[in-house]
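Okay, structure first, notes after.
Just so you know, all these numbers are worked out from the coordinates, no wet-lab data involved. In this text the structure is predicted, and so the values were computed from the model without any measurement. No Cβ is skipped: glycine too gets one built from the backbone with ideal geometry, and neighbour counts run over all protein chains shown.
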Number of protein chains: 4
Amino acid sequence: MRKSVSKRDLTADAGVELDLRVRYAETDRMGVVYYANYFVWFEMGRAEYCRRLGFRYLELEELGYRLVVAEAHCTYHKPARYDDVVTVHTFLHKLARRLITFGYRVVRKGPTETLVEGETTHLCLDAAGKIKSIPEPFHRYLGQNPSRHDSHA
Amino acid sequence: MRKSVSKRDLTADAGVELDLRVRYAETDRMGVVYYANYFVWFEMGRAEYCRRLGFRYLELEELGYRLVVAEAHCTYHKPARYDDVVTVHTFLHKLARRLITFGYRVVRKGPTETLVEGETTHLCLDAAGKIKSIPEPFHRYLGQNPSRHDSHA
Amino acid sequence: MRKSVSKRDLTADAGVELDLRVRYAETDRMGVVYYANYFVWFEMGRAEYCRRLGFRYLELEELGYRLVVAEAHCTYHKPARYDDVVTVHTFLHKLARRLITFGYRVVRKGPTETLVEGETTHLCLDAAGKIKSIPEPFHRYLGQNPSRHDSHA
Amino acid sequence: MRKSVSKRDLTADAGVELDLRVRYAETDRMGVVYYANYFVWFEMGRAEYCRRLGFRYLELEELGYRLVVAEAHCTYHKPARYDDVVTVHTFLHKLARRLITFGYRVVRKGPTETLVEGETTHLCLDAAGKIKSIPEPFHRYLGQNPSRHDSHA
């Protein structure tokens, strides 16, 4: 497991939650969700995180910026299966001027079980592909505590 | 099965062939290739068709044109399975100024079996999203017989 | 466009509705949803159709039956884009003993626009891969009118 | 970057190579390969690794065993783009009785550029889901040096 510098203690935090139902297309011949697909769920989790803080990730791209993935990691505990409803919990692990790290925990609903945990680190690039500071007001938004915000799916 | 106007008789024609090996990610919990993934193979087949005729589909996009899918169809006979090597045969079914229809037949190698057959119809759009004639020299290339061309993977 | 025998008039019917938000992973370099991914949404639509009628498609598989796709078709009108919320409307187009045809219409929320329309036909197979009648009580459920049922996501 | 115990020095080793061409379906609206798809390529790389050593991963599954992913990691340097031909280099990083770690490096052909590097760790499970030793002769095969074997695609 890899260390990550957390700006605040998140152990008691449920993060921003997103529910989704496992698609047939996401399973493989082993009968479980194919391992790469959890990273798709992580992406949905961080988009939801932004939305909860008051902006759409799309707005950042419309300004000519992109958050490109620099590193991605996942630890697999138990598999998700077709038709399961799972919750993706997304946390802010680190926020710097030009870099942001999200953490994720995916749990199955019902008798709650942690299925996978992951982390992704992103750099902010401008349209020319240069590393830039995350522009305002997005950087300020990202530094807020999502639990203080009202949810809107 | 749907009628399509063919510019020439293609029944004896093997079309342009592309071999590929079935990926684990392409299977589903039924143990076979998920039905939507054959359309991904069709896309690879038509890209190979263009390549055989002397151009890359990418060049068309670099000029500001796109071939957008207007219609797609697939008939499923037998499933492809993990690690199978299959051949995608791609045919030109129809070529008009602003529209092109490709046909596909996917067969398993070894004791040859037809797995699926399909068809996709594409419109040519410019950067502004207007329907346009397929630009030269691409339209002329597409009207050629690929079996007269040398292959280059 | 292909004819399909409808058991009842569905023109005024909204079918069974399922909302979903477009994922980044579902887009392609053209900036729109990749054409094969609409078939994934169709699968979610028919699973929701079953759920609304009182059973999970999974239960059918747990009894050793499968509904395999025999034919799939999609007509593309306008593209869905990242972060759009779309509604998949699913209809029963035909129900026979061993065969079922679903129809689909995907619309964008907001100023409602039809994006794509499609149809899939499925055969019922047993564990040995033989074509069988859709087992009871599933066949009976499928013949019911979903608008008479209460929704449960 | 994470440490991994290597059984032998692999720095000068090209590993087992697999070439593939980037599919349109693998790109996203940023115009590059979606970050989760590199894990699909890793899976193809390790299947090729097994093949080079004289067995198909499928044979292991046919005996009732599975190599399930316990951990996956990827570091992204530069993006792959549509129609690029890339080479996936796969290495054995660690081989224990019940666990195997593969390393990957994906490079673009032409002026060679490293695009991504990754690592996946797998546990061997039997049909009942219990952790087991990797069965013979597969464990013995995996311990061999692939560069001593003849290639067969």
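May I ask for the Rg/Rh ratio of region A:27-147, computed from Cα atoms with Rh as the Kirkwood radius, given to two decimals?
Numbers: Rg = 15.4 Å, Rh = 15.3 Å.
Rg/Rh for region A:27-147 comes to 1.01.
In nm, one decimal, shortest first: how far is the label point of D:LEU95 (7 Å from Cα along Cα to beta carbon) from the matching points in the other copies?
Sorted ascending, the copy-to-copy spacings read 4.8, 5.2, 5.6 nm.
Name the residue, out of C:VAL106, C:VAL16, C:VAL32, whose mean-square fluctuation peaks in a Gaussian network model built on chain C with Cα pairs under 10 Å.
Result: C:VAL32 has the largest fluctuation of those listed.
Of B:LYS78/C:LYS130; A:LYS78/D:LYS94; A:LYS132/D:LYS109; D:LYS78/D:LYS109, which sit over 20 Å apart, Cα to Cα?
Numbers: B:LYS78/C:LYS130 12 Å; A:LYS78/D:LYS94 23 Å; A:LYS132/D:LYS109 29 Å; D:LYS78/D:LYS109 13 Å.
Correct reply: A:LYS78/D:LYS94; A:LYS132/D:LYS109.
Using a Gaussian network model on chain B with a 10 Å cutoff between Cα atoms, which of B:ALA25, B:ALA72, B:ALA14 fluctuates the most?
Most flexible of the set in this elastic network: B:ALA25.
Rounded, prolate or oblate, given the Cα gyration tensor of the protein assembly as shown, with a/c below 1.5 counting as rounded?
Details: a/c = 1.23, a/b = 1.13, b/c = 1.09.
Cα axes put the protein assembly as shown in the rounded bin.
So if I place +1 on the C-beta of Lys and Arg and -1 on the C-beta of Asp and Glu, and nothing else carries charge, what would the dipole magnitude of the protein assembly as shown be about its Cα centre? I want it in debye, nearest 20. Can you show the working numbers first?
On the way: 96 positive and 80 negative charges, 2 e Å.
Here the protein assembly as shown has a charge dipole of around 0 debye.
From the alpha carbon gyration tensor of region A:97-142, can you work out the equivalent ellipsoid semi-axes (sqrt of 5 times each eigenvalue) and give them in Å, largest to smallest? Provide the component values of the computation, followed by the final result.
Working: eigenvalues 202, 28, 10 Å².
Value: 32, 12, 7 Å, ordered largest first.
Tell me the net charge near B:LYS78. Cut-off is 10 Å between Cβ atoms, B:LYS78 excluded, with +1 for each Lys or Arg and -1 for each Asp or Glu.
Details: positive: B:ARG81, B:ARG108; negative: B:GLU113.
Neighbourhood net charge equals +1.
Under a 10 Å cutoff between Cα atoms, tell me which one of A:TYR65, A:TYR57, A:TYR24 has the largest fluctuation in the Gaussian network model of chain A.
Judging by the Gaussian network model, the answer is A:TYR24.
Taking a label point 7 Å from Cα toward Cβ, how far is A:ASP19 from its twins in the other copies, in nm, shortest first?
1.3, 4.9, 5.0
Identify, for chain B, the residue whose C-beta comes nearest the rotation axis onto chain D, and round that distance to whole Å.
B:LEU20, 5
Between the label point of D:GLY129 and that of the same position in each other copy, find the distances and list them shortest first in nm, with every label point placed 7 Å from Cα along the Cα-to-C-beta direction.
For D:GLY129, the other copies' label points sit at 2.8, 4.6, 4.8 nm, shortest first.
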